[in-house]
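Written out below as structure tokens is the structure these notes cover.
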Amino acid sequence: MSITGMSNIPDWNDVELSMYLLDELGGNSSSTNRDYLANLTSWLTITPKYTVYRVNTLAHRGEEVQDIIYKELSKQAVSRGLDAPSVFIHEEMPEVVLMDSWDVASLNLSFQDKEVIVDIACGVAVLRGAHVFAPGIKGMSRDTASGDYVSVFADVKNKCTRGLICSFTEEKFFVGNGIVRIGRNDLFGKAALVKGIAIEMIDIRSAIPSLPLNCIPDSYAMLQNLPSVLSCRALAPSAGEIVLDMCAAPGNKTTHLAMLMNNKGTVIAIDKTSTKVDAIKDRCQQFGISCVKSFVFDSTKAVLEVKKPEDGTVKIQNFHQKKVTEEKCEDLSKCPENIEMKPPFPPETFDKILLDAPCSAMGQRPQIISSVSLKQLKSYPPLQRKLFQAAVTLLKRGGHLVYSTCTITVAENEHLIKWALNKFPYLELAQVESNLGGPGLENMGLTEEQRQYVKRFGPPMNSLELYYDNYDYNQDTVGFFIAHFVKK
Ligand SMILES: C[S@@+](CC[C@H](N)C(=O)[O-])C[C@H]1O[C@@H](n2cnc3c(N)ncnc32)[C@H](O)[C@@H]1O
């Protein structure tokens, strides 16, 4: 299989960052570590070959979404004289529809005379199959008009000023060719149109197909990375349970949890940013989900300090009946239901908790440039530990906790798990049962058994060429980590 998207552009020669990652692995004296880092830096620049849709199975079947995508691709294939990429339902997760890429050799990836410069975020979105929306455009060649076939480049070092008349001579990364739908005059003129698709992408460097904007209605399915789907499946919430999603926005996993619960029970979704909590509400509305209650709150402070009143009487509210009763309670930790259905919550309130932690997000693929600083990188583990501490306190005995990150550093993954198992002796690691991903890294503080219980999604330890020769879409995902605990 050919490897597309390979480039030396990402700023991985950033010595500090590379040294940090090598240090985490135990230094650069071992050739295994150096090989792994080289694989990692290349792997992160390559777009995963398959696009993943998670279907809203509360209202639709996977086959319906599969059919919509396949019909659209077949139409595009006929008009372009190509073979349509395959579309199928995942063998392990029936709510997942996978879409393959075009054959890269059949695409027109030659540079065109007219060029468009877009910002990095837009460039990355294009590599994953998006069209170019007007706000992402920074520059466009003189006289470019609707209908022109143009080359699109990402402004790697953020040097392009808005409205630039190309040609842009700073570092730029080719993402593909497309047809202009909003020309230069409309984009940058006095009465600028700043909404909608400005370039309809046809031939994308990563060979990911682009679907029309409303091809899959919002209520049917959403784009989601494969390991993210697995993290909710690992928690396996059931109808009627009380589940906490501690860092929930924009609500991708929240809606999945609710779906796995058949929209019955309660999912409490917390995020500390209020605009992002609006996104959770929107997503739930799109999917017709009613069992989610979302709150703007700092989850590190989500534990209620319960003081025992002098007569030992506490008000207990049942989550589902919303009925307040008074009971004598000798041991407050045995009074499980909380006083109000909003944060902060008393200890041992939840059956299941998802801690999809804020992280350095270094597993994102493709990365045209690495934007995280060493200072930022080091700021995450302390926050993750605080959130973890709150999660453990809020979990019922016998309850399940899933910790996940979309990053590849050891400090935020294996080391965090090692810290948790030492700090909370009553926590036990449970196996994430799946064919997706692989074990945790060796010699990073986990025993062989613990390493096999967690899931790490990352580059191969040995040859990248071999990895692509024996291609497996269950491995070619974003970088990710999942650990599942039970509180004894
Ligand atoms: C990895 S993202 C979550 C993605 C989300 N689970 C999903 O699948 O859509 C991490 C989130 O944690 C939130 N966050 C960061 N610190 C937080 C805190 N102390 N309390 C609650 N949320 C926090 C961020 O605002 C961000 O939305």
- Query: Residues of region 374-404 being touching a strand residue (DSSP E or B) at 6+ places or on another chain (Cβ under 8 Å), more than 29 Å from E16 (Cβ to Cβ) and within 14 Å of the ligand (Cβ to nearest atom), which ones?
  - Reply: A390, A391, L394, V402
- Query: Got a number for residues in region 279-295 being among the β-branched types (V, I, T) and either assigned to a helix (DSSP H, G or I) or under 19 Å from F350 (Cα atoms) (or both)?
  - Reply: 2
- Residue in region 353-366 that is more than 16 Å from the ligand (Cβ to nearest atom), in the same structural domain as K423 (by TED's automatic domain parsing) and within 23 Å of the chain's Cα centre (by Cα) present: yes
- Task: May I ask you to list pairs of residues, at least six apart or on different chains, whose Cβ atoms are under 7 Å apart, with the first in region 246-265 being assigned by TED's automatic domain parsing to the domain that holds F287 and the second being modelled with pLDDT under 95 and within 6 Å of the ligand (Cβ to nearest atom)?
- Result: none
- Message: I need the full set of residues from region 374-426 which are farther than 27 Å from L40 by Cα and not in a helix (DSSP H, G or I), in order please.
- Response: L395, K396, R397, G398, G399, H400, L401, F424, P425, Y426
- Query: Across region 106-126, what is the total count of residues that are more than 29 Å from the chain's Cα centre (by Cα) and not in a loop (DSSP other than H, G, I, E, B)?
  - Reply: 2
- In region 381-404, residues that are farther than 23 Å from L257 by Cβ and either touching a Pro at 6+ places or on another chain (Cβ under 7 Å) or crowded, with 18+ Cβ neighbours inside 10 Å (or both) total 1
- Query: Quick one: how many residues across region 230-278 are part of a strand (DSSP E or B), within 14 Å of the ligand (Cβ to nearest atom) and of a type in the set (A, V, I, L, M)?
  - Reply: 6
- Long-range neighbours under 9 Å by Cβ, at least six apart or interchain, first residue over 21 Å from S206 (Cβ atoms) within region 82-93, second exposed (fewer than 14 other Cβ atoms within 10 Å of the Cβ): I89/E63; E91/N435; E92/N435
- Hey, does region 130-142 have a residue that's buried (at least 20 other Cβ atoms within 10 Å of the Cβ) and more than 21 Å from S167 (Cβ to Cβ)? yes
- Message: What's the number of the only condition in (1) over 21 Å from Q367 (Cα atoms); (2) within 16 Å of the ligand (Cβ to nearest atom); (3) assigned to a helix (DSSP H, G or I) that L187 fails to meet?
- Response: (2)
- Query: What residue, among those in region 405-452 that are among the acidic types (D, E) and crowded, with 16+ Cβ neighbours inside 10 Å, is farthest from the ligand (Cβ to nearest atom)?
  - Reply: E414
- Query: Is it the case that region 448-455 has a residue that's farther than 17 Å from A391 by Cβ, under 19 Å from the mean Cα position of the chain (by Cα) and outside the structural domain of F88 (by TED's automatic domain parsing)?
  - Reply: yes
- Message: Filter region 322-352 down to the residues that are more than 13 Å from the ligand (Cβ to nearest atom) and at pLDDT 60 or above and list them by number.
- Response: M341, K342, F345, P346, P347, E348, T349, F350, D351, K352
- Task: Kindly indicate the residue of region 157-175 that is under 26 Å from Y50 (Cα atoms) and in contact with a helix residue (DSSP H, G or I) (Cβ under 7 Å, 6 or more places away or on another chain) and also modelled with the highest pLDDT among those meeting that condition.
- Result: V175
- Note on the structure: Checking D203, D218, D143 in turn, the sole residue that is touching a residue at least 12 places away in the same chain (Cβ under 8 Å), charged (D, E, K, R) and not in a loop (DSSP other than H, G, I, E, B) turns out to be D203
- So how many residues does region 279-302 have that are within 12 Å of the ligand (Cβ to nearest atom) and in contact (Cβ under 8 Å) with a residue 60 or more places away in the chain? 5
- Qualifying position, being without any contact (Cβ under 8 Å) to a residue 60 or more places away in the chain and at negative phi, among G163, G183: G183
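The values are calculated or read from the model by the stated rules, or taken from the named source; none is laboratory data. Nothing here was measured: the structure is a model prediction, and the numbers come from that model. Reconstructed Cβ throughout: ideal geometry from the backbone, glycine too, with neighbour counts over all protein chains shown.
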